[in-house]
Amino acid sequence: DAHPDSYLPPAESDLYGRGVNVRGGRLEADGLRGTDLAGPVALVTGSEAALTSVTSERTRGAVLAEEGSTVTVRGLEATGDHGAAVRARTGATVEVVDARVSDVSAVALAAHEASLSLTSVEVNGAKGVGVLADEGGTVTLKDVVIRDGRHAGVGAADGTSRVEAVRCRIAGNARAGVRAHPHAVVETRDVTFRDNGGGDREDVPGPKG
């Protein structure tokens with residue numbers, strides 16, 4: 001594991017097999033890059049992290065934050081990842097600003113029992129849900145585009161999850177623009193839905209709620 005007080009990855013890190021793993025400290029990194037990794041580019045556990053200009057290609061995701069971590073990501077390019085490009089879980093709080101996420105072979109961005117804030121983010125061609133809240137997770141989207149995915153644009157999988165979307169465009173997805181448990185809280189303002197296979201919104205019972 002990286003020592004949080006002494007480790008700063010070089011601007012063009014070549015991360016073979018695994019990325020940066022930070023536990024119980026703080027990480028600041030600019031230009032973190034991972035390609036063909038077996039895990040995420042950055043795994044943040046019970047820590048704080050400020051990441052800028054992150055690149056992830058065909059990894060298990062750019063950022064996984066867990067166990068109450070607080071993470072900010074400013075500038076993200078994720079292409080062809082095999083897991084969610086950004087995943088927050090178990091009480092983590094993650095803010096992502098200015099991101100492009102394309103061709104993820106699973107859910108593109110997700111919050112499980114955690115909080116995820118997305119601003120100026122584009123999600124294109126995800127094979128799973130574009131943005132997912134689950135297990136009581138909260139997702140806030142501002143100026144977000146979710147398009148041409150093979151599933152729903154936005155999902156709220158259980159009755160305790162919450163989604164708020166403002167000034168977003170959700171278009172061309174194979175299933176509904178929003179696919180939500182009927183007890184989930186979904187608020188949309190100035191959101192454009194267009195050409196989604198399941199219509200604007202579909203209520204679907206999830207595993208809980």
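The values are calculated or read from the model by the stated rules, or taken from the named source; none is laboratory data. Worth saying up front: this structure is predicted, and the values here are computed from it rather than measured. Glycine also receives a Cβ, built like all others from the backbone with ideal geometry; neighbour counts cover every protein chain displayed. What goes into the accessible areas is simple: the full protein's heavy atoms, side chains included, and nothing from ligands, DNA or RNA. Shrake-Rupley method; radii C 1.70, N 1.55, O 1.52, S 1.80 Å.
Data for the structure
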{"read-out": "Of all accessible heavy-atom area on region 112-182, the percent that carbon and sulfur account for (1.4 Å)", "value": "42"}
{"read-out": "Evaluated over region 32-92, the Cα radius of gyration and Dmax, each in Å", "value": "10.5, 28"}
{"read-out": "Simple label model, 7 Å out from Cα along Cβ direction - VAL166 to SER105, nm", "value": "3.7"}
{"read-out": "Largest-first ordering by accessible area, 1.4 Å probe, given options GLU66, GLU48", "value": "GLU48, GLU66"}
{"read-out": "Label-to-label distance, nm, for residues given as ASP98 and GLU28 (7 Å Cα→Cβ offset)", "value": "1.7"}
{"read-out": "Phi-based couplings in Hz for region 50-61 (Karplus 6.51, -1.76, 1.60; Gly and Pro marked x)", "value": "10, 10, 10, 6, 8, 10, 9, 10, 6, 9, 8, x"}
{"read-out": "Sequence-distant residues sharing a close amide H with GLY172 (under 5 Å, placed H)", "value": "ASP148, ARG194, ASP195, ASN196"}
{"read-out": "Assigned charges on the beta-carbon of Lys, Arg, Asp, Glu; the chain dipole about Cα centre (debye)", "value": "460"}
{"read-out": "Heavy-atom surface of the chain, accessible at 1.4 Å and reported per residue (Å²)", "value": "42"}
{"read-out": "Other-chain or far-sequence residues with amide H under 5 Å of VAL154's (modelled H)", "value": "GLY130, VAL131, VAL178, ARG179"}
{"read-out": "Å³ per residue enclosed by the Cα convex hull of region 41-127", "value": "62"}
{"read-out": "Mean separation of Cα contacts under 8 Å (6+ apart) over length of the chain, as relative contact order %", "value": "11"}
{"read-out": "Principal axis box of region 74-209, alpha-carbon based, largest edge first, Å", "value": "34, 34, 28"}
{"read-out": "Two-site FRET efficiency, VAL185 against ASP36, from Cβ-Cβ distance with R₀ of 41 Å, rounded to 0.05", "value": "0.60"}
{"read-out": "Distance-filtered residues of region 70-94 - backbone nitrogen under 19 Å, label point 7 angstrom along ALA50 Cα→Cβ", "value": "70-76, 93-94"}
{"read-out": "Karplus-derived 3J(HN,Hα), 6.51/-1.76/1.60, for each residue of region 151-157, Hz, glycine and proline x", "value": "9, 6, x, 10, x, 10, 7"}
